[in-house]
């Protein structure tokens, strides 16, 4: 058939077709070699040995969020734990709220950062102070705008810190609300979790999220904490994990009772600024991490760019249709299991739109960061 005759095609069309096929092959490799690991992952059904735990939360003008979320953390089903809230120079009534909570919960400890360290502001400094003040070696981290999905959260997240495991990567999702922005925002969190958890299962962990993270106090001090990237505003979570995580010392926790839920950004501008800050830390990752992430990101972008070009070529449209059908079948097969594990089932079919949106959005953010450095988080 003439439609399948490629011999007389112009060189540029052959090049575009080759890019399309090559980027498809790369993506299929990532899905089947990496992401399938999370899709097929079977977490242990029982909670391991329960040890004392310190929960660390940093708060900067978080009065409203603490009112909504702190009680659910203080009332976790765990025999021995403390909750440390580091009040980082708040100017609202966070201090009064915490004082009131302390009268009710003896295991709530508050560390007030004062004028003596006003020049040491920033989340990394606040976290470091919280870690130094923690009574226990096992540390679990979350944010003031997060709440656990269950009273078993602390047991589940900390139980992974057993034997040679010094680091546990959890999932931090976002509240379900109406609108396209919320769907895209939540899908991106699933997409990111699918990557960092799958890579961890493949023994190449590269990041975690501070909304739901656990590691040993000993590990923090052994690697000198945030010293290597103290000049970077962000990265208290992903840069820390990227530096200290190995295939042997890292575990993941995906059981639904271990998830946390946060309030999502409500405007495109807020999401854009947050994404700029998050992506700004990527340049400080280890070379290997940047390579694996970069190859997938580039293949993801080139696939859709070349797809639309190939689809417009009369003699090659069949290649575009076959290629994207194969991509969608593999994508939906993997993502179906992932969204079930992460309790985000409503994103299953929407993930096709999310998969198309993600590479273009991330590329735009990366270009923006190249032009101008992102604003500090506070």
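Every residue, every condition in (1) in the same structural domain as residue 146 (by TED's automatic domain parsing); (2) surrounded by fewer than 20 Cβ atoms within 10 Å (Cβ to Cβ); (3) outside any loop (DSSP other than H, G, I, E, B); (4) modelled with pLDDT under 90, yes or no:
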| position | (1), (2), (3), (4) |
| --- | --- |
| 242 | yes, no, yes, no |
| 246 | yes, yes, no, no |
| 271 | no, yes, yes, no |
| 274 | no, yes, yes, yes |
| 277 | no, yes, yes, yes |
| 283 | no, yes, yes, yes |
Mind checking which helices (runs of 4 or more DSSP H) fall wholly inside the stretch 148-238 and carry at least 1 residues that are under 23 Å from residue 354 (Cα atoms)? 180-201
Of all residues in the stretch 100-117, which are closer than 21 Å to residue 132 by Cβ and in contact with a strand residue (DSSP E or B) (Cβ under 7 Å, 6 or more places away or on another chain)? 102, 107, 108, 109, 110, 111, 112, 113
Residue satisfying condition, being within 30 Å of residue 261 (Cα to Cα) and crowded, with 16+ Cβ neighbours inside 10 Å, within set 292, 348: 292
Within the stretch 291-302, tally of residues that are out of contact with any helix residue (DSSP H, G or I) (no Cβ under 7 Å at 6 or more places or on another chain) and over 12 Å from residue 204 (Cβ atoms): 2
Against the condition crowded, with 20+ Cβ neighbours inside 10 Å, modelled with pLDDT of 95 or more, more than 21 Å from the chain's Cα centre (by Cα) and under 21 Å from residue 257 (Cβ atoms), how does residue 81 come out, does it pass? yes
Based on what the data block shows, is residue 257 modelled with pLDDT of 90 or more, outside any loop (DSSP other than H, G, I, E, B) and not assigned by TED's automatic domain parsing to the domain that holds residue 27? yes
Residue among 125, 141 that alone is crowded, with 21+ Cβ neighbours inside 10 Å, in the same structural domain as residue 172 (by TED's automatic domain parsing) and closer than 24 Å to residue 167 by Cβ: 141
Against the conditions (1) surrounded by fewer than 19 Cβ atoms within 10 Å (Cβ to Cβ); (2) in contact (Cβ under 8 Å) with a residue 24 or more places away in the chain, where does residue 192 fall short? Just the number, please. (2)
In the list 97, 74, which residue meets the criterion of being touching a strand residue (DSSP E or B) at 6+ places or on another chain (Cβ under 9 Å) and surrounded by 12 or more Cβ atoms within 10 Å (Cβ to Cβ)? 74
Tally time: how many residues in the stretch 80-97 are in contact with a helix residue (DSSP H, G or I) (Cβ under 9 Å, 6 or more places away or on another chain) and outside any helix (DSSP H, G or I)? 11
Scan the stretch 295-320 for residues that are at pLDDT 95 or above and either outside the structural domain of residue 34 (by TED's automatic domain parsing) or not in a helix (DSSP H, G or I) (or both) and report the count. 0
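The values are calculated or read from the model by the stated rules, or taken from the named source; none is laboratory data. Since the structure is predicted, the reported quantities are computational estimates derived from the model, not experimental observations. Using ideal geometry, Cβ is built from the backbone for each residue, glycine included, and neighbour counts are taken over all protein chains shown.
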